[in-house]
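The values are calculated or read from the model by the stated rules, or taken from the named source; none is laboratory data. Here the structure is a predicted model, which means the values were calculated and not measured. Neighbour counts are summed over all protein chains in view; Cβ atoms, including those assigned to glycine, are modelled from backbone coordinates with ideal geometry. We work out accessible area using only protein heavy atoms, side chains counted, and drop any ligands, DNA or RNA first. Shrake-Rupley method; radii C 1.70, N 1.55, O 1.52, S 1.80 Å.
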Amino acid sequence: MPQGSASSQMRYFALFLQSMSSCLYVQLTRVSLGYMPVVSQFSPHTPCCPRDEQDSSLLDLLQERLLACATSPGDPSGPSSPCSTHCSDFPYFFPFQAPQTQKEEQLFYPTVSSQDCRVKKEKRVIASMCSQKKWYSCVLPRYLLYDVNPPEGFNLRRDVYIRIASLLKTLRKSENWVLVLPPWGHLYHWQSPDILQTRIAWSEFFDVPSLNRNIPVIEYEQFLAESGGPFIEQVYVLQGYAEGWKEGTWEEKIDEKPCIDQLMYSKDKHGYYRGWFWGYKETRGLNVSCLSVQGSASVVAPILLKNTSAQSVMLDRAENLLHDHYGGKDYWNTRRSMVFAKHLRVVGDKFRKEYLQSTDEADKTQYKEDWTQMKIKTGTALGGPYLGVHLRRRDFVWGHREDVPSLQGAVKKIYSLLEMLNLEKVFVATDAVEEEVELLKKLLPEMVRFEPSLEELELYKDGGLAVIDQWICAHARYFIGTSVSTFSFRIHEEREILGFDPKTTYNRFCGETEKNCEQPAHWKIVY
C-alpha cells in the first residue's frame, strides 16, 4: 500500500467506506500520519452491512464527512478542515489514540487474514479518522447484557445497574463495549391486575440519553436490530463457590465451575438454549456456562476480555457482583445519570403543585436536564411544605418485625414530625394492602397519596407509579422512610442529588420493640 499524501489517504478511506455495503474486513497498517486501512474481502453476513435506515444513515454521514475531507484543499488535519471530526460524533463508536508501541498495536489491531476471521467469527470492523492531528479508531461494539434473580425488586435492580456500569467502564479501557439495558418484567411488587407488565423498555422509567452521558447503553430492541437476530452468543450464570467463603483474608476471585444449582435454561431441538430472557421467548443462547465469583463487578473483566471472543455476552444473576467503589465518584456519576423519565417527572411535579403547593422555584429544587451540569451545594434545597413518608408493608411486616412499626405507631411518629416541622400535609408512599390503606385514611386524614386512574396505571405501570412516588417524596421538606428498604435508599440518593440537608433525609421509622433504632448512614455525594 503506497503511503502517499494525507489527501490521497483520505480518498482511499472514502472509497473504503463506499464498499462497506459489501462487508469488508479492515486491517490497519501504520503509515506516516497514523493508520491506513488495508481492505480484504470478508464474510457477507457480518454486522458491518447496513441493516436498516439508521445504519445506512450513519454510513452515509461518515462517508460524506470523509469525502469532504479528501477533496478539501490545504492541511486535512487542520482545525478548519472537514477532516476535523471525532468518533464521538457517531453513536456507539469508541475513541482512543493510536497505539504507540508494537505491543499495543498487536492488542488493538491483530493481523488476521480474512479466512481466520471467518473461522473465529470475528465481527468487529475497524476504521480510522483524523481529528485535529490525532488519529482515532472507531470499533463496532461488543454487547454486555445482564439479568437479576427474578424475586429481586425494582430498586435493587437499579443498584445492580450501577455495579454493571462500573464493569462496563473497566471493559471499555481495553475494548469497545456497549451495555444492553435489560427489559423490565413483572416484578414481585408489581401486583396490579389486568395490565401487561413485561418487555418494558428503560425509556418508560428513565431518561436514556442521560444514561448515555455516563456509559453507552442501548435498549434490548435496538440490540436485536444491531446484532442481526435474537441470539446471545455466551451466557454466564454467576454463582458463589460451592465451599462458601472461608474465614480469613478477603480474596476476590472468579473461576469457571460446574453449575451448583439447576440451570434455568434448557436446550431445544436445535441445540439452542431457551430461558426467560426478559420475556422475549424468541431469544436463544448459543452457549451457557457457570462462573463462581467472589468480589466486585470488575473481577469479571478478564474473563470477558480474554476467555471469550463472543460479540454478545450475558451475565445472569448479576446481583452476585459487588460494587467496585461504593459511594465514590464513579458510583455517584452513574447514580446521577439515572434520571427519571421526563414524562413521569412532569406528572409528579403537576401533583406537587396541585395538591401539595410545591414548586421547584419556591422549594429551591431547581433541576437541570443535563445531570453533568448539576452540582448543588448540600443544604441549599428547602423542599415543599409537606412531610414525605415511605411506609413499607407487605413482606416487611413479617420479614422485619423488629424495626417496622405498626400502623398506629407510624401515625404517632408522623403527627410528632408534623408538629415539630410546623407542617399540615403528609405525602405517603406505601405498598400497604387495601385494608391497611383504608385504616391509614381514618387514622391520618391529612394523608395525601398519588392514586392513579386505570388509564394512568396502564400508561405508567407499577414501575412508573413507584418513580412518581419517589419523585414526590424526594421534594418534601422532610423525609422519613423504612429501615433497610431500597425504595427509601433511592429517595435518600435523590434528595442528596437535589441538595437537601442530610438531617431532613436520612431518617427512618422505628419498631415499637426496637431497642437501638439506628438511623440510616449519610452517603455524601461526590462530584
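Rounded to the nearest whole angstrom, the semi-axes of the ellipsoid equivalent to segment 187-262, taken from the Cα gyration tensor as √(5λ), stand at 33, 20, 17, largest first. In summary, segment 297-407 shows an alpha-carbon radius of gyration equal to 1.55 times the 2.2 N^0.38 Å reference for compact globular proteins. Between THR249 and GLN373, the modelled label-to-label distance comes to 5.0 nm, taking each label 7 Å out from Cα in the direction of the beta carbon. Shape index of segment 438-527: Rg/Rh, with Rg the Cα radius of gyration and Rh the Kirkwood radius from the inverse mean 1/r over Cα pairs, equals 1.01. The separation of segment 453-527 from segment 191-250, counted between C-alpha centres, amounts to 24 Å. Stokes-Einstein diffusion for segment 365-472, with the hydrodynamic radius set to the Kirkwood value over Cα pairs and evaluated at 20 °C in a medium of 1.002 mPa s, equals 134 µm²/s. For PHE489, neighbours were defined as the other residues whose beta-carbon sits under 12 Å from its Cβ, and their charges (Lys and Arg +1, Asp and Glu -1) total +2.
Measuring between alpha carbons in the structure, the pairs from LYS329/LYS377; LYS441/LYS515; LYS350/LYS461; LYS442/LYS515 lying more than 22 angstrom apart are LYS441/LYS515; LYS442/LYS515. Cα gyration tensor of segment 142-330, axes a ≥ b ≥ c as square roots of the eigenvalues: rounded (a/c below 1.5), prolate (a/b > b/c) or oblate? Taking the square roots of the gyration eigenvalues as a ≥ b ≥ c, segment 142-330 is rounded. What FRET efficiency would be calculated for the residue pair GLU512, TYR188, taking the C-beta separation as r and a Förster radius of 25 Å, to the nearest 0.05? Efficiency for this residue pair is about 0.40.
Rounded to the nearest Hz, the phi-derived 3J(HN,Hα) couplings of segment 357-363 under the Karplus curve 6.51 cos²θ - 1.76 cosθ + 1.60 (θ = phi - 60°) are 6, 10, 9, 4, 5, 5, 8, where x marks glycine and proline.
Taking the Kirkwood radius as Rh and the Cα radius of gyration as Rg, segment 231-270 has a ratio of Rg/Rh equal to 1.09. Between amide H atoms placed 1.01 Å from N, distances below 5 Å from ARG508 occur with GLY481, all of them 5 or more places distant or on a separate chain. Taking the inverse of the mean 1/r over every pair of distinct Cα atoms in segment 348-423 gives a Kirkwood hydrodynamic radius of 15.2 Å. GLY279 sits among other residues whose Cβ lies under 13 Å from its own Cβ, and their net charge, with Lys and Arg +1 and Asp and Glu -1, is 0. Considering only protein heavy atoms and a 1.4 Å probe, what is the carbon-and-sulfur percentage of the accessible area of segment 341-504? The computed percentage sits at 53. For segment 142-330, a simple Cβ point-charge model (Lys and Arg +1, Asp and Glu -1, everything else neutral) yields a dipole of about 320 debye relative to the Cα centre. LEU305: net charge of surrounding residues, Cβ under 12 Å, Lys/Arg +1, Asp/Glu -1, itself excluded? Local net charge: +3.
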